[in-house]
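Asks: Dropping the structure in here first, questions after.
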There are 2 protein chains.
Amino acid sequence: MRKFKTEEVLEDAGLKKTVIRIKMLDFISASKTAVSQPDLEKIFGKIADRVTIYRILSAFEEKGIVHKIIDLHGTSRFALCNDKHCKEHDHHDEHIHFNCTECGNVTCLDNVHVPVIKLPKNYKAATFNMSVLGVCNDCTVK
Amino acid sequence: MRKFKTEEVLEDAGLKKTVIRIKMLDFISASKTAVSQPDLEKIFGKIADRVTIYRILSAFEEKGIVHKIIDLHGTSRFALCNDKHCKEHDHHDEHIHFNCTECGNVTCLDNVHVPVIKLPKNYKAATFNMSVLGVCNDCTVK
DNA sequence: TAACATGTGCAACCATGTTGCAACAATAAG
DNA sequence: CTTATTGTTGCAACATGGTTGCACATGTTA
């Protein structure tokens with residue numbers, strides 16, 4: 001769909017290409033759903049410290065490589081940024097996130113357009129954040 | 001707008017009318033915005049334990065008196081349920097929440113209708129959860 | 001490969017969420 | 001009015017996620 005060379009991305013962001021960063025970024029980019037920090041800790045916890053993972057995610061977010069989503073349980077999840085969104089430095093952009101109640105995965109639905117809604121008077125909307133709760137493709141098919 | 005008698009509500013829910021519960025419910029019902037547990041702790045922390053506040057909120061939620069919202073920082077906020085929504089025991093209902101970036105308040109916009117969105121194939125939406133980030137009425141006027 | 005800038009691990013801390021248990025208060029029964 | 005029952009509260013304790021400081025290790029550049 002979209003070319004994505006891990007090492008290039010890190011280089012462009014001015015981040016050193018360390019083993020953990022490359023692995024984490026590979027993993028996040030391979031994952032179709034937004035991954036949580038606990039997820040990443042389970043996977044990379046043996047080769048990297050919890051704090052390191054935390055800091056790498058923060059760095060990725062700051063550089064616009066990934067964006068952060070707060071899921072329905074209040075924990076952070078991370079997903080790759082799409083170019084179109086991440087040109088702006090504001091990352092509360094017009095994504096729609098789909099929370100699957102079966103598998104718990106959070107998916108970015110980039111191809112679903114955000115509807116226009118009308119706000120009460122004197123309310124000024126800056127950005128939208130919409131999440132849909134339901135059953136995702138994988139769990140429907142199973 | 002809507003009649004709301006604190007003590008009746010507690011009675012209907014089968015909860016004993018204790019001082020703290022009445023005060024908390026009064027406070028939540030008087031508040032136009034969704035209040036966080038930390039907020040409530042600051043206010044009621046001297047007359048009630050942190051755990052008590054937590055349990056009262058859980059009880060309120062379970063009985064359908066209030067509903068819980070996870071705000072953009074991942075902390076829980078609570079707001080009164082409207083009758084129309086809370087007849088269903090599923091509380092992830094079609095509310096739209098407005099997060100004000102100035103004052104940090106979260107407001108339920110009940111009078112704003114939830115738009116219909118089209119999902120990719122095999123995605124089954126159960127409920128929606130939309131939040132809008134911007135500047136609220138109060139902060140616009142100021 | 002040496003020097004420097006950056007990245008990492010460890011320890012520690014804070015906030016929120018959560019449970020178990022004992023003490024306590026309110027209500028109903030005698 | 002006193003006791004039994006039930007539900008409510010406070011305390012202590014723990015789990016998890018987020019966050020910082022500092023010393024040490026590593027990647028990068030010359």
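Asks: Could you give the distance between the Cα centres of the range B:26-42 and the range A:1-56, to the whole Å?
Replies: 39 Å
Asks: Still on this structure: With a 1.4 Å probe on protein heavy atoms only, work out how much accessible surface B and A bury together, total over both chains, in Å² to the nearest 100.
Replies: Details: alone 9660 and 9680 Å², together 16370 Å².
So the buried area, both faces added, is about 3000 Å².
Asks: While we're on this one: Run the paramagnetic zone check for residue B:47: 7 angstrom along Cα to Cβ, then residues of the range B:14-37 with backbone nitrogen under 15 Å.
Replies: Hits in the range B:14-37 for residue B:47 at 15 Å: B:17-30.
Asks: For residue B:37 and residue A:8, what is the calculated FRET efficiency with R₀ set at 41 Å and r taken between the beta-carbons, to the nearest 0.05? List each step's numbers first, then the result.
Replies: Working: r = 44 Å, r/R0 = 1.07.
About 0.40, to the nearest 0.05.
Asks: Further, regarding this structure: How charged is the neighbourhood of residue B:62? Take every other residue with its Cβ under 12 Å from the Cβ of residue B:62, and add Lys/Arg as +1 and Asp/Glu as -1.
Replies: On the way: positive: B:55, B:63, B:68; negative: B:61.
Within the 12 Å Cβ shell, the charges total +2.
The values are calculated or read from the model by the stated rules, or taken from the named source; none is laboratory data. This one's a predicted model, so the numbers in the text were calculated from it and none came from an experiment. Quick reminder, even Gly has a Cβ in these numbers, built from the backbone with ideal geometry, and neighbours come from all protein chains shown. In case anyone asks, the SASA skips ligands and DNA or RNA and just uses the protein heavy atoms, side chains included. Shrake-Rupley method; radii C 1.70, N 1.55, O 1.52, S 1.80 Å.
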